[in-house]
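Read through the structure below, which is laid out as structure tokens, and then see the notes.
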Amino acid sequence: MTTPEPQPSSPQPSEPVTKDRAYRSPAGIAGGVLVLALALWLGIDALVAGDGRTPWAAAAALLFLVPLVAAYTVRPAVYANDDRMRVRNPFRVIVLPWAQVESFRSGYSNEVFTEGGDKYQLWSIPVSLRGRKKAARREDRRVAGQGGQRRGLFGGGGGGVFGAGGAGGLEDGPVRAETDKVMDELRDLLEARKAAETSQGEVTVRWAYEILAPVLVGAVGLAVLLATG
């Protein structure tokens, strides 16, 4: 009688792989794409059909405007995983291990503060005052609906448990604006991972020279053309 040969066990990863959560502004990207399309259309038309100094001015303007518009609209993003967050702002990329993050603050803009006292704005998570007002109105309706539900349940007005304003139309928990929900997620991730061993490290900042260089060259070109025109 033969004994079955043991099957090789499948290799187990030494550490779980965590994927980045990406936070970007769809409205900002859409607006940036439209502005870029318009600028390229007008600029290329001037390059092709213009005469004299017009093509040179169009080239310098495109070199200045295209990277600048892309930097403020399409480029910004925040990436977060279990170890750190990476903030890609218009002209810088900031990598912050969770151990170095002190807090998040939301006012007229969303910001992250480090343990060293530095502050970085989260460009890709803009504050929407209109969104907050809309969420506040929905929260008022939710609270009012819960009150009507309770009155209907105990014999008062409100049309019963499933009447108007009943359980079918209620939100689960307080209503929050979308960007405020994102900030809540980042705060929860910070609280859960700040003390983790893999979340240690130093803050690093890298300037986006691929954006700054063409913007500077375009600005110098426009200044020279205007000065000599």
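Readers should treat all values here as calculations from the given coordinates under stated rules, not as data from a laboratory. Just so it is clear, the structure is predicted and the values come from calculations on it, not from any experiment. Don't worry about glycine lacking a Cβ; one is built from the backbone with ideal geometry, like all the others, and counts go over all protein chains shown.
Checking the Cα-Cα distances for 19/194; 19/181; 19/134 against a 29 Å cut-off, the pairs over it are 19/134.
Under 5 Å from the amide H of residue 84 lie the amide H atoms of 98, each residue being 5 or more positions distant or on a separate chain, with H modelled from the backbone and absent for Pro and chain starts.
Computed from phi, the 3J(HN,Hα) profile of the range 19-36 under the Karplus parametrisation 6.51, -1.76, 1.60 (θ = phi - 60°) reads 8, 6, 8, 9, 10, 9, 9, x, 5, x, 5, 4, x, x, 4, 5, 5, 5 Hz, with x in place of Gly and Pro. Note on residue 47/residue 20: beta-carbon distance plugged into 1/(1 + (r/R0)^6) with R0 of 30 Å gives a FRET efficiency of 0.20.
Projected label points at residue 202 and residue 130, each 7 Å from Cα along the beta carbon direction, are separated by 4.4 nanometres. Once the chain from residue 143 to residue 185 is taken as fully extended at 0.36 nm per residue, the excess over their C-alpha distance is 12.8 nm. Given their separation in residues at 0.36 nm each and the Cα-Cα distance between them, residue 225 and residue 109 gain 38.0 nm when the chain is fully extended.
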